[in-house]
1. Report the FRET efficiency, 1/(1 + (r/R0)^6), for Arg103 and Arg33, where r is their Cβ-Cβ distance and R0 is 30 Å, rounded to 0.05.
2. Please label the shape of segment 90-129 as rounded, prolate or oblate, based on the square roots a ≥ b ≥ c of the eigenvalues of the alpha-carbon gyration tensor (a/c under 1.5 means rounded; beyond that, a/b larger than b/c means prolate, else oblate).
3. How about segment 82-112: which trypsin sites (Lys or Arg not before Pro) there lie in a loop by DSSP and see at most 16 other Cβ atoms within 10 Å?
4. Per residue of the chain, what 222 nm ellipticity follows from adding -39500 (n - 2.57) for every DSSP H run with n ≥ 4, rounded to the nearest 500?
5. Over what distance in Å are the Cα centres of segment 103-154 and segment 67-96 separated?
6. Could you tell me which GluC sites (Glu not before Pro) in segment 81-154 are loop residues by DSSP with no more than 14 other beta carbons within 10 angstrom of their beta carbon?
7. Suppose every Lys and Arg Cβ carries +1 and every Asp and Glu Cβ carries -1, with no other charges. What dipole size does the chain come out with about its Cα centre, to the nearest 20 debye?
8. Return the loop-located chymotrypsin sites (Phe, Trp or Tyr not before Pro) in segment 67-154 (DSSP other than H, G, I, E, B) with at most 13 other Cβ atoms within 10 Å of their own Cβ; answer none if there are none.
Amino acid sequence: MTSVNRYSEAVPILYSRNIFHFYDPGDIRHFARTILPQRLNTVQSILIDWERVFSIFNKDNTKPKFNLEELKLWCETWAIIGKMEGLIDLKVTLKSHKFEVPRARRIKMCRPMMEIKGLRTFELTIPWNDQTDWDFAEEAPFKIVRGPAPPEER
């Protein structure tokens, strides 16, 4: 009985006091399906390092998903995040890329992110060398942050 009590006491701490670090938005959907909803609701901090290889954002992707599948999955990911009752800190880091993401694609990417409200911290870190215009996100619930230059560029 003691181990059951310790487990019951430790589980909320495990989910509420750790930063859950994801390298792909799809990982969040998988994570949400594999843990109990009440545990998902105790997660307080998420970090997403994202390479942006989805075809809806990557104009060079020659294998677009059928019937806007990726956009649907992207929106589903943000719907999950939006329902996480205990979430207070969310940081999304867009990794550097070899092409400029057109404004229309950036707007499409940010649209479901605009629905996330009430967080203490919500940051979207863009690559240090990103020269694109993010003014459409001036009223967004997230703050645009420019990432640091890599050591070889400093």
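Bear in mind that the values in this text are calculations on the coordinates, not laboratory data. Worth saying up front: this structure is predicted, and the values here are computed from it rather than measured. Backbone-built Cβ (ideal geometry, glycine too); neighbour counts: all protein chains shown.
1. Working: r = 33 Å, r/R0 = 1.11.
That pair, Arg103 with Arg33, gives E of 0.35.
2. Values: a/c = 3.78, a/b = 1.46, b/c = 2.59.
It comes out oblate by the Cα gyration axes.
3. Working: sites: Lys83, Lys91, Lys95, Lys98, Arg103, Arg105, Arg106, Lys108; in loops: Lys83, Lys95, Lys98.
Those satisfying the criteria are Lys83, Lys95, Lys98.
4. Working: 5 runs with 51 residues, N = 154.
The helix contribution divided over the chain gives -10000 deg cm²/dmol.
5. 14
6. Values: sites: Glu85, Glu100, Glu115, Glu123, Glu138, Glu139, Glu152, Glu153; in loops: Glu85, Glu100, Glu138, Glu139.
Those satisfying the criteria are Glu85, Glu100, Glu138, Glu139.
7. Details: 24 positive and 21 negative charges, 64 e Å.
Value, rounded to 20: 300 debye.
8. Details: sites: Trp74, Trp78, Phe99, Phe122, Trp128, Trp134, Phe136, Phe142; in loops: Phe99, Trp128, Trp134, Phe142.
Of the chymotrypsin sites (Phe, Trp or Tyr not before Pro), the ones in loops of segment 67-154 whose Cβ has at most 13 other Cβ atoms within 10 Å are Phe99, Trp128.
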